[in-house]
Amino acid sequence: MAVLEPIAEAPAVEVVNLSKTFRRAEKGAHWWTRASSQKYALEDVSLVIARNQVTGIIGANGSGKSTLIRVLSTLLLPDRGTARVFGHDVVSQTAVVQRLINRVSVEASFFKEMSPWENLSYAGRLYGTEGSGRRMRASDVLERLGLPLDTMDRPMKHLSRGQQQKVAIARSLLTSPTLLLMDEPTTGLDPRSKREVQALVAMVHAEGDATVLICTHDLQEAEALCERVVIMDGGRVLADGTPAELRAAHGPDATLEDVFMKVSGKELLTLEDEEGAA
């Protein structure tokens, strides 16, 4: 199998005037009639993400952050505009992009009758990683995530929600993606598991050459992990910069939470209560 490489000098992600709409059903003039309207999930979004950077995308329900991740992971086609991953177009070069990325989502799916090891092994073969030493690497990653090794050969359906999410993260790391797309990766995890996942993401970034794009509702998580933060609302980018730059622009004592509320007009409670949306 040919080794697929990023195009030299191309940024990790380059998005230009990207738009995506969804049709939304509405009540008609009478109870027996239905109407529909189009809603922008992304509206003329332009964004460049440098290589080897951990970038956080913060946004409430309907902000467009998960839609952006799905476009970059080739799961959705944009209505207009372009998106490139390491110089490769996500629409016309889908197969190439898929070899360069991996996605961790809050709704991670598995073969539930198979064990974590069988799921990880399948993913490794699918991505063409070497078989020699694969189980040892899988055990090492799962151990760092705090998952007991005696779960390696148990069916996934017998694992807790948090344990399944750890397997999803381990699966993404074992395939050595050049771009790691993480959509609410710590949702549903207990505080200790969340810290373990965050520490592993930081370690992967420090030790490897992966670029990480992470959607999160946790502003403390964004501040701890991300070198850059993008705040989205209504399908648009409202603010973009390092956590320090964003805080400084809104006053000497501003927190990232203050910045989010000022630019979006939304309380943090709204952000935390509305999980799993676009």
Hits in the range 190-220 (condition: out of contact with any strand residue (DSSP E or B) (no Cβ under 8 Å at 6 or more places or on another chain) and crowded, with 21+ Cβ neighbours inside 10 Å): 197
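Looking only at the range 194-204, decide whether some residue is out of contact with any Asp or Glu (no Cβ under 9 Å at 6 or more places or on another chain), on the phi > 0 side of the Ramachandran plot and modelled with pLDDT under 80. First the steps, then the outcome.
Here is the first cut: in the range 194-204, the ones out of contact with any Asp or Glu (no Cβ under 9 Å at 6 or more places or on another chain) are 195-197, 199-204.
Among the residues that remain, those that are also on the phi > 0 side of the Ramachandran plot are: none.
Within the range 194-204, not a single residue is out of contact with any Asp or Glu (no Cβ under 9 Å at 6 or more places or on another chain), on the phi > 0 side of the Ramachandran plot and modelled with pLDDT under 80.
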Count of residues meeting criterion [among the small types (Gly, Ala, Ser) and either open to solvent by less than 10 Å² (accessible area, probe 1.4 Å) or over 22 Å from residue 68 (Cβ atoms) (or both)] in the range 174-189: 1
Number of the exception - residue 187 against (1) polar (S, T, N, Q); (2) outside any loop (DSSP other than H, G, I, E, B); (3) in contact (Cβ under 8 Å) with a residue 60 or more places away in the chain: (2)
Members of the range 77-105 found to be open to solvent by less than 40 Å² (accessible area, probe 1.4 Å), in a loop (DSSP other than H, G, I, E, B) and of a type outside the set (Phe, Trp, Tyr), listed by number: 78, 87, 90
Which listed residue, of 239, 222, is outside any helix (DSSP H, G or I), under 22 Å from residue 45 (Cβ atoms) and in contact (Cβ under 8 Å) with a residue 24 or more places away in the chain: 239
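The values are calculated or read from the model by the stated rules, or taken from the named source; none is laboratory data. All values reported here derive from a predicted model rather than from experimental measurement. Using ideal geometry, Cβ is built from the backbone for each residue, glycine included, and neighbour counts are taken over all protein chains shown. Side chains included, ligands, DNA and RNA excluded: accessible areas come from the protein's heavy atoms. Shrake-Rupley method; radii C 1.70, N 1.55, O 1.52, S 1.80 Å.
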